[in-house]
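Accompanying notes for the structure given below.
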Amino acid sequence: MVRSILSLAVIFLAASCTPTKIIVPLEQGQWQVGLTQGRPQINDGFLPVIGGYAAKGVSETRTNYGGVQLSSLLLGAVQLEGGQVRSWIPQDGLKPGVSWSYGGQAFMSTRDYAFRFYPETGINAYWEKGPHILNASANTWVDPTWFLADFNRGQIIAPSLSAGYRLRYKWIEAQVEYKMLNPIRELHIPQADIPSTAGLGGRGVYYGIAINF
Amino acid sequence: MRKFFALFVSALLLPSCADVSAAMFAGSDGTYNFKNEWLDPEYHVDESKIHLMDFQSDEDTIYALYVGDIAQIASDTIILYLHGNASSMDNFWETAGLFANLGGPHHFGFMMYDYRGFGWSTGRSTGAASMAADYDAVVAFLESQGLTSDRLIVVANSLGSLPAGPAAAGGSRIPIDKLVMEVPQSTSNIIMQNATGLSLPSSMITSYKFDLGKNMADYTGELLWMHGTADDVAPFETAEAAMQQHNGSYYQEAVYPDMGHGLRWDIGDTEWAGTILDFIRR
């Protein structure tokens with residue numbers, strides 16, 4: 001039974017939730033390469049899902065990123081993501097800076113080559129002081145193939161809310177983020193409990209480590 | 001971008017990858033200590049009618065329990081029970097005792113078996129093919145003993161609904177004409193989609209594809225569906241959608257508000273057994 005729970009939990013983690021990659025756009029020409037460990041909660045424990053990403057500041061206000069979810073790959077699904085983060089409103093004292101992101105998540109089964117693509121967009125409010133970055137973010141995936149879900153149970157948007165802290169110090173960045181997953185839907189894994197935030201969706205904590213160069 | 005493309009292509013060429021289907025099965029060792037001492041007195045059986053047997057299923061050995069007179073399979077009505085996702089038949093010995101006393105002591109013959117990887121059955125259950133082969137190995141024995149379609153009752157509990165669906169839809173060497181689906185799942189896709197909230201197909205993580213809705217649409221016999229509305233293992237709404245695809249000769253629902261996946265324990269043996277017995281005798 002434990003194996004069952006673990007396996008399905010990993011799926012849940014791998015498929016529907018990835019940590020926020022970039023909050024504050026990088027400097028032009030700067031690269032960031034990182035590993036993320038997603039830790040959505042299943043039953044009483046947290047389970048790791050590992051992904052990798054790379055990002056590059058393509059201007060002073062825009063950063064492109066791309067990533068792969070390694071755990072999905074182990075299960076037989078190629079999950080790639082890519083997108084751009086743009087600075088929208090610069091930080092002004094205590095007034096937070098705002099950035100927004102857009103991109104997409106692509107999944108393809110290595111078994112039957114079934115393909116799904118989910119555009120995503122998000123907005124981040126951040127406070128940066130020295131090496132410290134605090135953020136609050138809202139993000140949603142859009143499911144353009146919601147009608148392919150069995151028994152008409154698809155939904156067009158899959159939102160998440162998150163808050164996090166990043167330490168960007170010289171060439172290294174450490175990240176931690178709390179995420180409220182898909183609060184508009186009851187997530188379900190057979191024979192497992194998915195703890196929620198205030199009874200909504202799922203929840204998780206994510207860690208990341210990255211280098212800047 | 002080129003690096004990502006290379007990664008994407010290399011992933012397509014992976015010769016194999018983890019498949020969660022095997023991990024979804026909860027089988028483990030069993031004791032097969034089928035004795036009256038483990039049963040409530042009302043479910044005691046004639047211990048001389050307890051038969052542990054094994055069959056060949058592909059390269060594996062499947063263990064089965066028959067409660068009744070083997071010599072009377074040619075004339076008795078037989079309940080074939082496809083058990084749920086627990087370690088072995090040990091967990092269903094009480095259920096066996098109940099069925100052995102359904103309608104009176106040893107009124108029906110009763111058979112159940114462990115899928116590969118459950119109890120003493122060797123190998124691993126990996127998907128539809130292995131489950132179908134195990135089912136066929138058991139039914140082949142019953143057929144060889146003279147069982148015919150008009151005396152076969154298939155009762156599938158939870159995980160057991162996965163092999164029962166294709167069997168009912170024409171995959172059984174003894175055609176099924178009376179089927180009980182107790183707390184069944186619905187489709188493999190639904191499990192994935194309920195976990196992610198996205199329209200992802202189950203092929204992203206497993207090669208075990210099942211669709212009980214389609215199976216029920218193809219099943220021409222009689223169906224009794226039993227489910228609790230508070231089932232948190234096999235969600236009621238999707239099971240309902242699958243079972244209501246049935247277009248056979250007779251359809252009956254037994255829906256229990258606020259009851260969970262352990263339906264028999266929740267509603268009590270009397271209601272549970274009475275509902276099944278009424279369906280069998282109709």
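The values are calculated or read from the model by the stated rules, or taken from the named source; none is laboratory data. Since we're looking at a predicted model, the values are computed, not measured. Cβ atoms come from the backbone with ideal geometry, glycine included; neighbour counts cover every protein chain shown. We work out accessible area using only protein heavy atoms, side chains counted, and drop any ligands, DNA or RNA first. Shrake-Rupley method; radii C 1.70, N 1.55, O 1.52, S 1.80 Å.
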Problem - Only listed residue being in contact (Cβ under 8 Å) with a residue 60 or more places away in the chain and over 15 Å from the mean Cα position of the chain (by Cα), chosen from B:96, B:74 - result: B:74
Problem - Matching option when the condition is closer than 30 Å to residue A:183 by Cβ and at pLDDT 95 or above, among B:259, B:226 - result: B:259
Exercise for the section: Within the range B:226-246, identify whether any single residue is in contact (Cβ under 8 Å) with a residue 60 or more places away in the chain, in a helix (DSSP H, G or I) and more than 20 Å from residue A:154 (Cβ to Cβ), and answer yes or no. Expected result: yes
Completion exercise
Residue hits (the range B:167-177; under 16 Å from residue B:245 (Cα atoms) and either assigned to a loop (DSSP other than H, G, I, E, B) or not aliphatic (A, V, I, L, M) (or both)) are B:170
Practice task
Look through A:99, A:87, A:162 and report the one residue that is more than 22 Å from residue B:192 (Cα to Cα), hydroxyl-bearing (Ser, Thr, Tyr) and open to solvent by 30 Å² or more (accessible area, probe 1.4 Å).
Solution key: A:87
Problem - Scan of the range A:134-149 for residues that are outside any strand (DSSP E or B) and open to solvent by 50 Å² or more (accessible area, probe 1.4 Å), ordered by number - result: A:144, A:146, A:147, A:148
Practice task
Return the residue satisfying two criteria in turn: it lies in the range B:213-246 and is buried (at least 17 other Cβ atoms within 10 Å of the Cβ) and among the β-branched types (Val, Ile, Thr), and of such residues it is farthest from the chain's Cα centre (by Cα).
Solution key: B:238
Handout entry: Failed item in (1) touching a residue at least 40 places away in the same chain (Cβ under 8 Å); (2) over 26 Å from residue A:192 (Cβ atoms), with residue B:268 passing the rest
Key = (1)
Handout entry: Candidate set: the range B:247-282, residues that are polar (S, T, N, Q) and part of a helix (DSSP H, G or I); chosen: the one surrounded by the fewest Cβ atoms within 10 Å (Cβ to Cβ)
Key = B:270
Completion exercise
Checked against (1) more than 9 Å from every other protein chain (Cβ to nearest Cβ); (2) touching a strand residue (DSSP E or B) at 6+ places or on another chain (Cβ under 6 Å), residue B:165 satisfies every condition except (2)
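Table: residues versus (1) among the hydrophobic types (A, V, I, L, M, F, W, C); (2) within 7 Å of another protein chain (Cβ to nearest Cβ).
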site: B:174; (1), (2): yes, no
site: B:181; (1), (2): yes, no
site: B:185; (1), (2): no, no
site: B:190; (1), (2): yes, yes
site: B:200; (1), (2): yes, yes
site: B:210; (1), (2): yes, no
Practice task
Please report, ordered by residue number, the helices (runs of 4 or more DSSP H) entirely within the range B:61-166 with at least 1 residues that are under 29 Å from residue B:205 (Cβ atoms) and open to solvent by 10 Å² or more (accessible area, probe 1.4 Å).
Solution key: B:128-144, B:161-166
Practice task
Please give the strands (runs of 3 or more DSSP E) falling wholly within the range A:77-133 in which 3 or more residues are within 13 Å of another protein chain (Cβ to nearest Cβ) and farther than 25 Å from residue A:174 by Cβ.
Solution key: A:97-109, A:115-129
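Is it the case, given these coordinates, that residue B:194 is facing another protein chain (nearest Cβ under 7 Å) and open to solvent by less than 10 Å² (accessible area, probe 1.4 Å)?
Judged against the criteria, residue B:194 is a match.
Let's see how each residue does on (1) open to solvent by 80 Å² or more (accessible area, probe 1.4 Å); (2) closer than 20 Å to residue A:105 by Cα; (3) touching a strand residue (DSSP E or B) at 6+ places or on another chain (Cβ under 7 Å); (4) touching a residue at least 24 places away in the same chain (Cβ under 8 Å):
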{"residue": "A:152", "(1), (2), (3), (4)": "yes, no, no, no"}
{"residue": "A:166", "(1), (2), (3), (4)": "no, no, yes, yes"}
{"residue": "A:175", "(1), (2), (3), (4)": "no, no, yes, yes"}
{"residue": "A:187", "(1), (2), (3), (4)": "no, yes, yes, yes"}
{"residue": "A:198", "(1), (2), (3), (4)": "yes, no, no, no"}
Practice task
Sort out which residues of the range B:46-79 are closer than 14 Å to residue B:133 by Cβ and in contact with a Leu (Cβ under 9 Å, 6 or more places away or on another chain), and write them in order of number.
Solution key: B:64
Fill in the blank from the handout: Among residues of the range A:48-84 being among the polar types (S, T, N, Q) and surrounded by fewer than 20 Cβ atoms within 10 Å (Cβ to Cβ), the residue farthest from residue A:124 (Cα to Cα) is A:59
Exercise for the section: For the range A:114-127, indicate whether the set of residues that are farther than 22 Å from residue A:34 by Cα and in contact (Cβ under 8 Å) with a residue 40 or more places away in the chain is non-empty. Expected result: yes
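crowded, with 24+ Cβ neighbours inside 10 Å and assigned to a loop (DSSP other than H, G, I, E, B): does that describe residue B:206?
Working: crowded, with 24+ Cβ neighbours inside 10 Å: yes; assigned to a loop (DSSP other than H, G, I, E, B): yes.
Against the criterion (crowded, with 24+ Cβ neighbours inside 10 Å and assigned to a loop (DSSP other than H, G, I, E, B)), residue B:206 qualifies.
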